[in-house]
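Below is one structure, written out as C-alpha cells; the observations come after it.
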Amino acid sequence: MTRWLDDREIGAWMRLASILELLPGALESQLRRDSDLSHFEYWVLSMLSEAPDRTLRMSELASRTNATLPRLSHVVQRLEDRGFIARVSCPSDRRATNAQLTEAGWDKVVQAAPGHVDNVRDLVVDRLTPEELEQLTAIGDRLLDRLSPCTKAWVTEYRRPTR
C-alpha cells in the first residue's frame, strides 16, 4: 500500500523538486553566457583541474561527475575537439584511458571559475546561514548514502588541493 506524503512531506518535496528543476538552468545559463560551456562540461574540466597531474582515468572521471561512460565519452570528445582535454593511455593499465586537462583547458577553467563561483554563492551559499549550510551538507550526505555511496565517499573526503 502506498504511503502518501502528508502536507509537511509534500511541502518539503515540492521545494526540493523545484530546486532540482530550476538550479541546473540557472547554473547552465551563466556558464553558457560567460564561458561558452555547459554546466556538465565545466564540471568535467573542474574535476580534472583539481586532480593530480590534472589527469583522471575515464572511469574515475565518470564517477566524480556522476555520468555514464557513454555520456562522459561524448562530452570529452567535444572538449577534446575544442583543445581542452587530451585522451592519453593509462601508464599503469594499458586497457584504460586517462583524460588529461590541456593548458587550454586549464586556461578555460581559470577563466570560467570566478563567474561560476559568484553564481553559486548568489544562488545558494550566501542565501544560507552557517548553520543552514551545515544542515545542507548533512542532508546531502544522507541523500547520497542512498543515491550514490561512492559519490558520497569522494565528496566527503574532498579537500581543495593546494597549489
*In a shell of Cβ-Cβ distance under 12 Å around residue 80, excluding residue 80 itself, what net charge do Lys and Arg (+1) and Asp and Glu (-1) give?*
+1
_Using DSSP to call loops (not H, G, I, E or B), can you name the chymotrypsin sites (Phe, Trp or Tyr not before Pro) in segment 1-101 whose Cβ has at most 16 other Cβ atoms within 10 angstrom?_
4
*With a point put 7 Å past each Cα toward its Cβ, work out how far residue 66 is from residue 154 in nm, to one decimal.*
1.3
*What shape does segment 63-163 have by the C-alpha gyration tensor, where a ≥ b ≥ c are the square roots of the eigenvalues, rounded means a/c under 1.5, and otherwise prolate means a/b greater than b/c and oblate the rest?*
oblate
*Rounded if a/c is under 1.5, else prolate if a/b is larger than b/c, else oblate: which is segment 81-132, with a ≥ b ≥ c the root eigenvalues of its Cα gyration tensor?*
oblate
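We did not get these values from a lab; they are worked out from the coordinates using the rules stated. This one's a predicted model, so the numbers in the text were calculated from it and none came from an experiment. Methodologically, a virtual Cβ is constructed for each residue, glycine included, from the backbone with ideal geometry; neighbour enumeration extends over all protein chains shown.
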